[in-house]
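Since every read-out is calculated from the coordinates, none of them should be taken as a lab result. What you see is a predicted model; the values in this text were computed from it and never measured. FYI the Cβ positions are ideal-geometry reconstructions off the backbone, even for glycines, and counts take in every protein chain you see.
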Amino acid sequence: MITLFGESYPLTAPEILLPGGVVLGLLVFLALILRASGRAARATAPLLAEVAWMGRRVQSLADGQERLAGGLHHVSEAQAVAQGSMLKLMEARLSEVQRQMNEALQGTSTRTARSLGELQQRLETIDRAQEKIEKLSGNVLSLQDILSNKQTRGAFGEIQLHDIVQKALPSDAYRMQVVLSNGRRADCLIHLPNPPGPIVIDAKFPLEAYEALRRADTPRLAQEAATQLKAAVRAHIRAISDRYIIEGETADGALMFLPSEAVYAELHANFPETVREGFAAKVWIVSPTTCMATLNTMRAVLKDARMREQAGAIRKELALLYGDVERLGARVDNLGRHFGQAAKDIEEIRISSDKATKRARRLDNFDFEELAPDELAPEELSPMLPGQGVVPDAQR
């Protein structure tokens, strides 16, 4: 029997069997659950250990993340400070670079302005040079027009010869356009002493033949022009030799003046036989340069000749000069003696003045005791003696 809630029930009663079965089933179920949970606990122990380890790792990761966050905060702050410093440095650098660029630009602009000014001056100089070149080209064209005509070409040579002679010789040593005894007119006559005597200079300008030689572009034309030039020069040499070398009136030679250095150089470079023909005829060919050198040599000859002519007058003048020097020496000696006597007189006057000054000072101070007769010199006492007059100044 079983008593439940004040009532007794047999074990076989349905009220007992049903709850008991239920309870028994529950107990069995609990036992099974406990048994299963024990196995599960044994099975889940490693898992729990892993979970615990993972928890610890997660905590460590959380701590690391927190430390990382703090480090990142510090890094961000340091980066911000560094970025601020960098910005300030960059601003300073940019300011310095901008200043340097401004100075460089200013200097560049100044140099550019200066260069432009210099360029402007050079352009103005070029313009002036261009104007001069244009004038010179006009003068060259005029010169070509002059040289194209024989008469004007001859006048050009004569003018150039006159200019050279005028610069090299005194005015009384030459004459231009002189008519000789044979009726021929010489361009210039130099008055050299005998020997050699007066020498003639005649200007010749074989321009046509020389221009033809320059324009020749074939051997045949060059040969023809060379022949023409030699013939022209030979004709001038013969004309000068026949007209301007007169025995007893002129020197036994003459000068042919070529007013062109180019023609002169061409003759001496390529036509030496023609030049030697001039030597044989005693006609010497000269250019403006060699003519100036020759005239300077003539100037020296003229100077030497004039000195020889005036040698007597020079000796006379030297004798007079020697007499003047002797008289000057004597007068200097007399003046020296006068200066010596004057110096002596001045010294005596100074002594007398010193004595008079001392005597006046003593009288002013009433130093009569200092004027004792025994202290005075005899020449100072003599004026005070009775019966004597004034002592002359020469005795004082």
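Spin-label point model (7 Å from Cα, Cβ direction): what's the H162 to L87 distance in nm?
Inter-label distance under the simple model: 9.5 nm.
On a straight-distance basis, which lysines could pair with K230 in a cross-link, Cα separation under 23 angstrom, same-chain partners fewer than 8 positions away excluded?
Counting by Cα, and skipping residues close in sequence, K230 has these lysines nearby: K150, K204, K282.
Which of the chymotrypsin sites (Phe, Trp or Tyr not before Pro) found in the range 309-367 are in a DSSP loop and have at most 13 neighbouring Cβ atoms, other than their own, within 10 Å?
F366
At a Förster distance of 25 Å, what's the computed FRET efficiency of Q130 paired with S109, Cβ-Cβ distance as r, to 0.05? It would help to have the intermediate numbers written out before the result.
Working: r = 30 Å, r/R0 = 1.21.
It comes out at approximately 0.25.
What is the gain in length, in nm to one decimal, between S76 and L320 on full extension, counting 0.36 nm per residue of separation less the C-alpha to C-alpha distance?
Going from the current span to full extension adds 75.9 nm.
Could you work out how far the C-alpha centroid of the range 184-237 sits from that of the range 239-295, in angstrom?
Value for the Cα centre distance between the two parts: 8 Å.
Rounded, prolate or oblate for the range 147-309? Axes are the square roots of the Cα gyration tensor eigenvalues, ordered a ≥ b ≥ c, and the cut-off for rounded is a/c under 1.5. It would help to have the intermediate numbers written out before the result.
Details: a/c = 2.03, a/b = 1.93, b/c = 1.06.
Note, shape of the range 147-309 comes out prolate.
Would you mind calculating the relative contact order of the range 180-258 from Cα pairs under 8 angstrom and at least 6 residues apart, reporting the percent as a whole number? Walk me through the numbers on the way to the answer.
Details: 100 pairs, mean separation 30.8, N = 79.
Once divided by the residue count of the range 180-258, the mean separation gives 39 percent.
Run the quick spin-label model on T227 and L328: label points 7 Å from Cα toward the beta carbon, then report their separation in nm to one decimal.
Output for this residue pair reads 7.5 nm.
Using modelled amide H (1.01 Å from N, peptide plane; none on Pro or chain starts), what sits under 5 Å from the amide H of Y174, excluding residues fewer than 5 places away?
Amide H to amide H, under 5 Å and 5 or more residues apart or across chains, Y174 pairs with H191.
What is the range 147-309's relative contact order, in percent, from Cα pairs under 8 angstrom and six or more apart in sequence?
Details: 227 pairs, mean separation 38.8, N = 163.
Computed over the range 147-309, the figure is 24 percent.
In nanometres, what is the gap between the two model label sites at V179 and R35, each 7 Å from Cα along Cα-to-Cβ?
Simple spin-label model gives 18.0 nm for this pair.
Name the GluC sites (Glu not before Pro) in the range 243-315 that are in a loop by DSSP and that have at most 15 other C-beta atoms within 10 Å, would you? Kindly include the intermediate steps, with their values, before the conclusion.
Numbers: sites: E247, E249, E261, E266, E273, E277, E309; in loops: E247, E249.
Hits after loop and neighbour filter: E247, E249.
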